[in-house]
Amino acid sequence: MISINRTTSNNPDFISLTKLLDEELLKIYKSEQEKFDKHNILEKLTKSIVIYDNQTPVACGAFKEIKEQQAIEVKRMFVLSSHRSKGIGKLLLSELENWAIELKFKSAVLETGDKQHTALSLYKKLGYSQIAKFPPYEHMHDSICLKKKLN
């Protein structure tokens with residue numbers, strides 16, 4: 001049974017899943033990944049989600065508030081490889097967006113890497129459009145930034 005837990009980045013399951021995410025990103029981007037690590041500090045993510053399958057944590061995501069723009073930045077999206085292609089990524093992103101809408105945010109932005117083709121495909125399928133790179137990613141050649149209006 002799938003369940004969704006709204007939490008913070010202090011949640012032990014969220015921390016465990018983000019460690020797996022970091023390991024996966026290191027395999028993909030090698031030493032290039034180091035330049036992104038400083039932008040993924042967990043303590044700053046007070047709006048986090050963990051998805052469970054029969055009480056086993058299988059996915060996580062979070063968002064950072066950008067209040068002056070009435071926007072959120074989606075961060076730390078990850079689904080265990082054993083649970084990919086089952087709609088959990090879509091469920092996770094939808095839940096993050098719904099939470100942001102409840103808090104009156106008007107749009108969502110995110111950054112993903114140019115080698116994460118499956119993630120990029122999911123984001124575009126769910127209504128995200130590529131935009132100019134926003135800080136701090138504007139000078140990172142392997143970054144792709146996306147945006148979606150929330151309603």
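The values are calculated or read from the model by the stated rules, or taken from the named source; none is laboratory data. These numbers come from a predicted model, not from an experiment. We place every Cβ from the backbone using ideal geometry, glycine too, and count neighbours over all the protein chains shown.
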- When residues of the stretch 95-129 are limited to those that are part of a strand (DSSP E or B) and in contact with a helix residue (DSSP H, G or I) (Cβ under 8 Å, 6 or more places away or on another chain), the one farthest from Ile66 (Cα to Cα): Gly113
- Query: When you go through (1) surrounded by 13 or more Cβ atoms within 10 Å (Cβ to Cβ); (2) touching a strand residue (DSSP E or B) at 6+ places or on another chain (Cβ under 7 Å); (3) of a type in the set (S, T, N, Q) one by one for Gln69, which number turns out not to apply?
  - Reply: (2)
- Message: Can you confirm whether Ser85 is hydroxyl-bearing (Ser, Thr, Tyr), more than 14 Å from Glu24 (Cβ to Cβ) and in a loop (DSSP other than H, G, I, E, B)?
- Response: yes
- Message: Considering only residues that are among the hydroxyl-bearing types (Ser, Thr, Tyr), modelled with pLDDT of 95 or more and out of contact with any Ser or Thr (no Cβ under 8 Å at 6 or more places or on another chain), which ones fall in the stretch 1-58?
- Response: Ser3, Ser16, Thr56
- How many residues does the stretch 111-145 hold that are surrounded by fewer than 14 Cβ atoms within 10 Å (Cβ to Cβ) and polar (S, T, N, Q)? 4
- Item | Residue count, the stretch 51-68 (criterion: of a type in the set (Lys, Arg) and within 16 Å of Glu95 (Cα to Cα)) | 1
- Applying the selection to the stretch 72-88, what residues are touching a strand residue (DSSP E or B) at 6+ places or on another chain (Cβ under 7 Å) and of a type outside the set (Phe, Trp, Tyr)? Ile72, Glu73, Val74, Lys75, Arg76, Met77, Val79, Leu80, His83, Ile88
- Message: Just to be sure I understand the filter: pairs with C-beta atoms under 9 Å, separated by 6 or more residues or on different chains, first member in the stretch 105-121 and on the phi > 0 side of the Ramachandran plot and at pLDDT below 95, second member assigned to a helix (DSSP H, G or I) and among the polar types (S, T, N, Q). Which pairs pass?
- Response: none
